[in-house]
Amino acid sequence: MRYVPLIVLGASAVAAPAFATQYLSPEQAQKLMFPDADAFHSRPLSLDLAQMRQVEQIAGLPTRSVQWRVVAAYKGEKLLGYMVQDDVIGKFELISYAVGVNPDASVRQVEILAYRESHGSEIRLPAWRRQFVGKSARSGDLRIGGGINNISGATLSCTHVTDGVRRIAAVAQVALAR
């Protein structure tokens, strides 16, 4: 009888589902987004109050953060673009993703780095992520139902990642565009 608690504990540990999946490291994502790059330079970005207000106005969303994780991609001396990393909440857990942004602040690529929810991982499908390519914060089509299609069963993940991409596109427009 004294081993019963250990057996129950062991059985419950085996039955407990684990949903977290790490798909890509940030380094792998930046190489996928910018395959021609021969150099990547970390360029942490701090927004000032005026920039934060601009981002909120363009995105139609709260800025959420002053600090942004940005990596610039270069081929020789030529800037190819930026990779901006962020996390958004899915339903309960964080979704880590990265957005490749061209020098003109248009979206180049979206990659899901880690997904921790039990449902909604379909946002990692290439067809869904391709919807963002070429869009910018000012285009107005970075919204679910307004240029980005929803995925049934992944509504919160779709909505939150789309909002995050729109926010990053606005940050790029305000602080990174050339």
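The values are calculated or read from the model by the stated rules, or taken from the named source; none is laboratory data. Please read all numbers here as calculations on a predicted model, not as lab measurements. Quick reminder, even Gly has a Cβ in these numbers, built from the backbone with ideal geometry, and neighbours come from all protein chains shown. Each accessible area value is taken on the protein alone, full model and side chains, heavy atoms only, with ligands, DNA and RNA left out. Shrake-Rupley method; radii C 1.70, N 1.55, O 1.52, S 1.80 Å.
Inter-label distance, K91 to S65: 2.5 nm, where each label sits 7 Å from its Cα along the C-beta direction.
Taking the Cα of I144, stepping 7 Å toward and past its beta carbon, and measuring to each backbone N in the stretch 49-66: which are under 20 Å? Residues 59-64 fall inside that zone. Structural descriptor for the chain: relative contact order 21 percent, calculated from alpha carbon pairs under 8 angstrom and at least 6 residues apart. Only helical runs count toward this figure. For the chain, summing -39,500 (n - 2.57) over DSSP H runs of n ≥ 4 and dividing by all residues gives -9000 deg cm²/dmol at 222 nm.
Placing +1 on the Cβ of every Lys and Arg and -1 on the Cβ of every Asp and Glu, with nothing else charged, gives the chain a dipole about its Cα centre of roughly 120 debye. Within the chain, the proportion of C-alpha pairs whose separation exceeds 23 Å stands at 43%. Taking a straight line from the alpha carbon of K78, these lysines sit under 25 Å away, with near neighbours fewer than eight places off in the same chain left out: K31, K135. You can think of it this way: the chain between S25 and I151 has 42.9 nm of extra reach, that is 0.36 nm per residue less the Cα-Cα gap.
Accessible-area rank, largest first, for D38, D48: D38, D48, with all protein chains present and a 1.4 angstrom probe.
Full extension of the chain between L79 and E122 yields a length gain of 12.3 nm, computed as 0.36 nm times the residue separation minus the alpha carbon distance. Measuring nothing but protein heavy atoms, the accessible surface of the chain at 1.4 Å probe radius is 55 percent carbon and sulfur. Accessible surface calculations at 1.4 Å, restricted to protein heavy atoms, place the chain at 53 Å² per residue.
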